[in-house]
Amino acid sequence: MSEPRTDPSEIRRTITAAIRSSLIAKGHATKAELSRSLSLSFPTISKFVSLMEKEGELRSIGLDDSSGGRRAGRYAYNPDFMLGLAVYLEKEETRYSVFDCMGEAREEGIAPSVLTEGIGALQLQVEELMAKYPRMRSLAIGVPGSVKNGKIGYIPGYGRYEGLELKAYFEERLQIPVRVENDMNAAVLGFAAKADEAESASLVYLYFGNNGPGAGIMANGTILRGNTSFSGEISFVPMDGQRNFGQALQERGFLDGRTLDEVHVDAVARLVAAFTVILNPKRIVFCDSEADEALLERIGQRSRSYVPLEHLPELVHSHWPSDYLGGLKTLSLEAMISQDLFSSRTEG
């Protein structure tokens, strides 16, 4: 990065975020190393490193060997300085993870579902965790519905949350940055990060789930949301002239029994074909509790009757709860790293 030319608060935010990101990624660095890698002047880096060390955000871990001059101090990020919270809401339960800036979990657990109770029950769960961990500095919430700019849109079955400005609601009450994301978008983000493909991945993540089928779609590292954030609502994809994908899965009780017969396999194969010719993804990911290797082989074989083999994506399965939570942790970490905590201390 180059020296930022903007207002003082943006300068602070940009530089502190760059130092945090660099030290978290590298593990440790000297002021000179940070100056070179971030393309910032040594006096600028020295000023911010000293401030962050004074506040306990950075730790001095010793001095480098001398090469003839003054020995350079080496710094590492303090993982206890800030914590994040990721929470996702499901029909049967609420799952959460409290973690440090290195992504290491401090506490993970399951709480009662709040989807039918409303936002007050969710607020109580979040505030109890914040009271236990007062260094909580960011929050990410996952919901089984469409989300646009922190506002929940289409969320079938949970009318208490529809139209709710969830991001604004919690930011006003908690005074920390909040991210709200659709469940499948968070899952595809988590899978891409785990596969170290977050910047280049073209993926589709399919989940048939407790709240009906959905998809997270990523093209060249970017989550595709669409004009009204309705992308991924695959229940509505027409299968033939009489039914859509959601109705096809309901036939012969798949959504209740979780057993795919040939009718269901054909419906999924048609969906794979549709994604192939529109997006041409590298992989389509299935939840491992819904699709084993044998089932993926059946879907792949059927897909080849619709699309030439050389164009079909790799069909894989993954652990959806971990990917979902991992995506939310990524969003919460980004919010944590990018915030300006020291505005009142660096004025003047």
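The values are calculated or read from the model by the stated rules, or taken from the named source; none is laboratory data. Because the structure is a prediction, the values reported are computed rather than measured. Don't worry about glycine lacking a Cβ; one is built from the backbone with ideal geometry, like all the others, and counts go over all protein chains shown.
Would you pick out the residues in the range 49-100 that are buried (at least 16 other Cβ atoms within 10 Å of the Cβ) and of a type in the set (S, T, N, Q)? Scanning the range 49-100 gives ASN78, THR94, SER97. Selection of first residues in the range 287-312 that are touching a residue at least 40 places away in the same chain (Cβ under 8 Å) and hydrophobic (A, V, I, L, M, F, W, C) and of second residues that are surrounded by 14 or more Cβ atoms within 10 Å (Cβ to Cβ) and not in a loop (DSSP other than H, G, I, E, B), restricted to Cβ pairs under 6 Å at least 6 apart or on distinct chains, gives the following pairs, ordered by first then second residue: CYS287/TYR207; CYS287/TRP320; LEU312/THR276; LEU312/SER303. Out of everything in the range 298-343 that is at pLDDT below 95 and among the acidic types (Asp, Glu), what residue ends up being farthest from ALA192 (Cα to Cα)? This residue is ASP340.
Across the range 175-208, the qualifying residues are those that are modelled with pLDDT under 90 and touching an Asp or Glu at 6+ places or on another chain (Cβ under 8 Å), and the one among them that is surrounded by the fewest Cβ atoms within 10 Å (Cβ to Cβ) is LYS194.
Identify the residue in the range 231-253 that is loosely packed, with under 14 Cβ neighbours inside 10 Å and at pLDDT 90 or above and, among all such residues, is farthest from SER318 (Cα to Cα). That would be PRO238.
Yes/no per residue for (1) under 22 Å from ASN280 (Cα atoms); (2) touching a Gly at 6+ places or on another chain (Cβ under 7 Å):
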site	(1), (2)
ILE152	no, yes
ARG160	no, yes
PHE170	no, no
TYR207	yes, yes
GLY214	yes, yes
ASN220	yes, no
LEU224	yes, no
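Here is a yes/no grid of residues against (1) assigned by TED's automatic domain parsing to the domain that holds ARG95; (2) closer than 24 Å to VAL143 by Cα; (3) charged (D, E, K, R):
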position: PRO281; (1), (2), (3): no, no, no
position: ILE284; (1), (2), (3): no, yes, no
position: SER289; (1), (2), (3): no, yes, no
position: ARG304; (1), (2), (3): no, no, yes
position: VAL307; (1), (2), (3): no, no, no
position: LEU312; (1), (2), (3): no, no, no
position: HIS317; (1), (2), (3): no, yes, no
